[in-house]
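Readers should treat all values here as calculations from the given coordinates under stated rules, not as data from a laboratory. Predicted model, so just to flag it, every value in this text is computed and none were measured. Note: ideal-geometry Cβ built from the backbone for every residue, glycine included; neighbour counts use all protein chains shown.
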């Protein structure tokens, strides 16, 4: 099961990355992921709070798999133990218009034995809405910072 969203941001990848990798400021702009604690480096363990629309939210502890500045940030998390309900979250930045704009792709692949029980149509819709809300907020933040 995969959910992928994207948005075009009128700022270069370096600016979008600066916002995305600054975990300490997420509470100021990110409605879907208002808290991330940890260091953006491969192998690091994070503490991430997500709040999908209509949900009380949850906190989990994924491990960063890939940190490629201005290109990709990716982590994998599990519910309790691997194989029950797993998610691999990804953010990809693609330069467009000679590097002046960024195509931001935000998605997650879900798997595990509990996937059909935990992740029905309603949860999928809330997750997609959360991704899109974060994308729009990232766009606003990166574009306002780029023009400031």
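Points to keep in mind about this one:
- The range 2-147: relative contact order in percent, alpha carbon pairs under 8 Å with at least 6 residues between: 32
- Length-normalised contact order of the range 17-67 in % [C-alpha pairs under 8 Å, at least 6 apart]: 28
- Prolate is the label for the range 98-148, because a/c, from the alpha-carbon gyration tensor with a ≥ b ≥ c as root eigenvalues, is 1.5 or above and a/b exceeds b/c.
- Helical content alone sets the calculated 222 nm signal of the chain at -8500 deg cm²/dmol, taking -39,500 (n - 2.57) per DSSP H segment of four or more residues and averaging over every residue.
- Correct choice for Cα extents along the principal axes in Å that was computed from the model, options [x] 45, 31, 26; [y] 39, 32, 30; [z] 45, 34, 25: [x]
- Each peptide in 9-16, 37-44, 80-87, 106-113 was scored by the mean count of other Cβ atoms within 10 Å over its residues; highest first, the order is 9-16, 106-113, 80-87, 37-44.
- Order of 29, 75 under a 10 Å beta carbon neighbour criterion, fewest first: 29, 75
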